[in-house]
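Below is one structure; the comments refer to it alone.
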Amino acid sequence: MIIRNDWTREEITEIYNTSIMDLVYRAATVHRAYHDPNEVQVCTLLSVKTGGCPEDCAYCPQAARYHTDVKVHKLMEVDEVLDSAKAAKDNGSTRFCMGAAWREVRDNRDFDKVLEMVKGVNGMGMEVCCTLGMLTEEQAEKLKDAGLYAYNHNLDTSEEHYDEIISTRTYDDRLDTLNNVRKAKISVCSGGIIGMGESHQDRVGMLHTLATLEEHPESVPVNALVPVEGTPLEDQPRVSIWEMIRMIATARIIMPNSMVRLSAGRVRMSVEEQAMCFLAGANSIFAGEKLLTTPNPEEDMDKQMFQTLNLKPRASFKENEEPLEFQTIPQH
């Protein structure tokens, strides 16, 4: 099985529209060729600077222009963040992600403080990830030097639907940031959100952009919109589990080496529904009670789910090994 970066929209559309049972079977087969199907990466996401963002992302309760229940707080102190990272590690997380509600990184004391956070978390032996908005090549280099392992910068949706969701930065701005991250040899984490009023072709379009990058993102988060009162998308209906499974399975087939993360919206899913997502190729989750500002299942519930499904956490810094299908497999 060859890793491809030349997928056409027509090919991805055909995969996406496959009957659900056949789609899950195909995705599960690909998943087992490249990954241990019983291994799931456990990540923790902490909002280190919350609210007051000048952007107008229609889904986001942290935008200053929307009236939500989000309480604005300045950048946390380094020691507070490191205490949270240690607690996350003790609870089984192997990746710690820090998010700041910034439009872009500025070269100031706050960025210097984030660099100290990165150094501290890296020193704990955890994969450290940040999502801080737009990033220059020089800033990416500084984060890399501090020990940053991954940078999250989601596309959110297709290029065609993008202007319906955000007007304060362009799609090219997002791609430029991903390019700067890649140049600094930092692992790329990029996916999107479904349930924002987009069409199925918009979902295919977002996956097509990711799958035709020069290198696939190492992590691809698939988020279901969690509508928040006070945002323009507060009345959007809940995405069905079958839509999530279809997105996860398609992502797994066209980007077989990537970690596919079952992200926002998981709090509304039963264990059985999450099991279907894992079967379809998801192999990464966020643990902890919140994803920045939206609810998430508690750690104890996830531990019980892992026990029920016989799942094990993926170790830190475990680079993808030779695909299983090319290893010597005993014949039965």
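The values are calculated or read from the model by the stated rules, or taken from the named source; none is laboratory data. Bear in mind that the values here come from a model prediction, so they are computed numbers and not experimental data. Positions of Cβ are generated from backbone atoms using ideal geometry, with glycine treated the same way; all protein chains shown enter the neighbour counts. SASA here: full protein model, heavy atoms, side chains in, ligands and nucleic acids out. Shrake-Rupley method; radii C 1.70, N 1.55, O 1.52, S 1.80 Å.
Label-to-label distance for Asp112 and Asp83 is 2.4 nm, based on points extended 7 Å past Cα in the beta-carbon direction. With both residues required to sit in the chain, DSSP beta bridges show an antiparallel share near 10%. Amide H to amide H, which residues 5 or more places from Val40 or on other chains are under 5 Å from it, using H placed in the peptide plane? Residues meeting the amide H criterion: Lys312, Arg314.
Shape analysis of the chain yields a ratio of the Cα radius of gyration to the Kirkwood radius, Rg/Rh, of 0.94.
Computed from backbone phi with θ = phi - 60° and the Karplus coefficients 6.51, -1.76 and 1.60, the 3J(HN,Hα) list for the range 10-16 is 5, 5, 5, 4, 4, 5, 4 Hz; x is used for glycine and proline. Estimated purely from DSSP H runs of n ≥ 4, each contributing -39500 (n - 2.57), the mean residue ellipticity at 222 nm for the chain is -11000 deg cm²/dmol once divided by its residues.
Which residue, chosen from His216, Met301, Cys277, occupies the Cα position most advanced towards the positive end of the dipole of the chain, where the dipole is computed from +1 (Lys, Arg) and -1 (Asp, Glu) charges on Cβ about the Cα centre? Toward the positive end, the furthest listed residue is Met301.
Distance from the alpha carbon centroid of the range 32-83 to that of the range 210-276 works out to 16 angstrom.
Stokes-Einstein diffusion for the range 200-278, with the hydrodynamic radius set to the Kirkwood value over Cα pairs and evaluated at 20 °C in a medium of 1.002 mPa s, equals 159 µm²/s. Rg over Rh for the range 1-42 works out to 1.03, both radii taken from alpha-carbon positions and Rh defined as the Kirkwood radius. With 0.36 nm allotted per residue and the present C-alpha distance subtracted, the Glu164-Ala33 stretch has 43.4 nm of extension available. Within the chain, the longest run free of trypsin sites (Lys or Arg not before Pro) that sit in a DSSP loop with at most 15 other Cβ atoms within 10 Å is 239-317.
When the GluC sites (Glu not before Pro) in the range 150-211 are filtered for DSSP coil states and for at most 16 other beta-carbon atoms within 10 Å of their beta-carbon, the remaining sites are Glu160. Looking at the range 6-114 alone, DSSP beta bridges between its own residues are antiparallel in about 10 percent of cases. Around the amide H of Met134, modelled in the peptide plane, lie the amide H atoms of Glu104, Val105, all under 5 Å away and 5 or more residues distant in sequence or on another chain. For the residue pairs Lys74/Lys183; Lys89/Lys185; Lys49/Lys144; Lys86/Lys183, the C-alpha atoms sit more than 27 angstrom apart in Lys74/Lys183; Lys86/Lys183. Using a simple spin-label model with pseudo-atoms 7 Å out from Cα toward Cβ, Lys71 and Arg9 lie 4.6 nm apart.
Taking 13 Å as the cut-off, the amide N atoms of the range 253-290 that come nearer than this to a point 7 Å along the Cα-to-beta-carbon line of Ile20 belong to 273-274, 276-277, 280. For His153, the solvent-accessible surface with a 1.4 Å probe is about 10 Å², rounded to the nearest 10. According to the Cα-based calculation, Rg over Rh for the range 167-238 is 1.01, with Rh computed by the Kirkwood formula.
For the range 79-174, what mean projected area does the convex hull of the alpha carbons give, in nm²? Each step should come with its number before you reach the end.
On the way: hull surface 27.2 nm².
The Cα convex hull of the range 79-174, projected and averaged over all directions, gives 6.8 nm².
Dipole check for the chain: with +1 at the C-beta of Lys and Arg, -1 at the C-beta of Asp and Glu, and the Cα centre as origin, the magnitude is about 620 Debye.
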